[in-house]
Amino acid sequence: MRCKEVREILGESGITEAPPEVREHLGRCPACEAYTRDWKTLHAGLRVLAAEPAPEPMLGFTARVLRRLEEATGTFPSSEELLERAGRRMVYATLLLALVLMLALVLPASGPVRTQASTELYPPEPAAVVVENNPILIEDAPLNRPPTFSAPKGDAVR
Amino acid sequence: MGTSRPQVPDIELIKRVQRGDREAFEPLVERYQRRVFSLVFHLVRRRDEVEDIAQEIFVKAFRGIRSYNFQASFGTWLARIAVNHCYDYLRRERKAKLTYYWQLGEESSRAIEGHAQSASDGALNTEQETEVRDLAEQLLGRAPAEDRTILTLKELEDHSVEEIAEIMKLRPNTVKVRLHRARKRMLEDWKRWQQGR
């Protein structure tokens, strides 16, 4: 029998209930004998500790537990409540996202505001250019004619 | 002659609590409070802390009762919560406190060693009992939380290897190995202590 097995058996059953082969091993193994002696002492100490009476629950212990439960559940939500809360937040977030997407799809890409803005940003080419390249327009639209006050005719193009 | 009201079975009470009936938890606390007090006291060995820790354990049990699936007995399930809670407490305590030294003089060390024969005969006198008790208490206090927990369940709470396996969610063989290692480490610690290391 190996020392480890002997010590395991001694730990579980105790010395008095040890089988004969264990006792035989102890007779010829000084290390296991010393281990047994020490364990007997320590085990005796543990038995004394085990026999000491534990404190009794004081009167009103249950009431205090229930009060603590009320406080605890009031302050800290249970795991189910937390899950429910998280789920509700997910639903709200999804709804909001869907609304934003819908608005993006439904609203026109350009509106009156955007058109006005674009006209401000990109003013039309000077009328003179159009006029010079389009002789037809010159005839049909006299307002597009370049100014004629003092500049020579060719200068209106620049 | 008064007739006592028949006791509502645990299963029925647990089902009611699981459905949200908080009042059904009250008789469960009444039934198991002594067992929890004993376990907590043996594990943490602080009389002043027992009630507070026991309250925390019952609050944890109440919060987690919906996860109780009736596979183990309610007592075992509750003991599991208690052991885990005390284990965390012991680890926190161990981290927080500085190592304390209990002077084990050469004389008292020899005297304690000499008690082995009396101990096995069950014939320790009061003084010897106090000495071996103090030794065991100090060694348990110095032991890592894992060793302390498993040895307490076996030696102080008198649980079988199978019961410990169920409480700690381990295989019985693993419990045996851990118990053996815990005993070995504790005895080695005692030797180192005697040598003043």
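The values are calculated or read from the model by the stated rules, or taken from the named source; none is laboratory data. All values derive from a computational prediction rather than experimental measurement. Methodologically, a virtual Cβ is constructed for each residue, glycine included, from the backbone with ideal geometry; neighbour enumeration extends over all protein chains shown.
The table below lists the values:
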item: Any pair with Cβ under 6 angstrom, 6 or more apart, that starts in segment A:43-69 at a residue that is farther than 13 Å from residue B:30 by Cβ and at the interface with chain B (Cβ under 7 Å from one of its Cβ atoms) and ends at one that is surrounded by 19 or more Cβ atoms within 10 Å (Cβ to Cβ) and acidic (Asp, Glu); result: A:46/B:155
item: Any chance residue B:49 is farther than 17 Å from residue B:153 by Cβ and modelled with pLDDT under 90; result: no
item: Criterion (more than 16 Å from the chain's Cα centre (by Cα) and touching a residue at least 24 places away in the same chain (Cβ under 8 Å)) met by exactly one of B:44, B:59, B:29, B:40; result: B:29
item: Matching residues, segment B:156-173, being in a helix (DSSP H, G or I) and either away from chain A (no Cβ under 13 Å) or farther than 15 Å from residue A:8 by Cβ (or both); result: B:156, B:162, B:163, B:165, B:166, B:167, B:168
item: Positions within segment A:9-51 being small (Gly, Ala, Ser) and within 25 Å of residue B:148 (Cα to Cα), in sequence order; result: A:11, A:13, A:14, A:18, A:31, A:34, A:44, A:45, A:50, A:51
item: Top-ranked residue in segment A:7-33 [being modelled with pLDDT of 85 or more and within 11 Å of another protein chain (Cβ to nearest Cβ); ranked as surrounded by the most Cβ atoms within 10 Å (Cβ to Cβ)]; result: A:7
item: Set B:177, B:132: member being surrounded by fewer than 18 Cβ atoms within 10 Å (Cβ to Cβ), within 11 Å of another protein chain (Cβ to nearest Cβ), on the phi < 0 side of the Ramachandran plot and of a type in the set (Val, Ile, Thr); result: B:177
item: Residue that is farthest from the other protein chains (Cβ to nearest Cβ), among those in segment B:11-26 that are out of contact with any helix residue (DSSP H, G or I) (no Cβ under 6 Å at 6 or more places or on another chain) and more than 17 Å from residue B:60 (Cβ to Cβ); result: B:11
item: Condition check for residue A:36: out of contact with any His (no Cβ under 9 Å at 6 or more places or on another chain), in a helix (DSSP H, G or I), surrounded by 12 or more Cβ atoms within 10 Å (Cβ to Cβ) and at pLDDT below 85; result: no
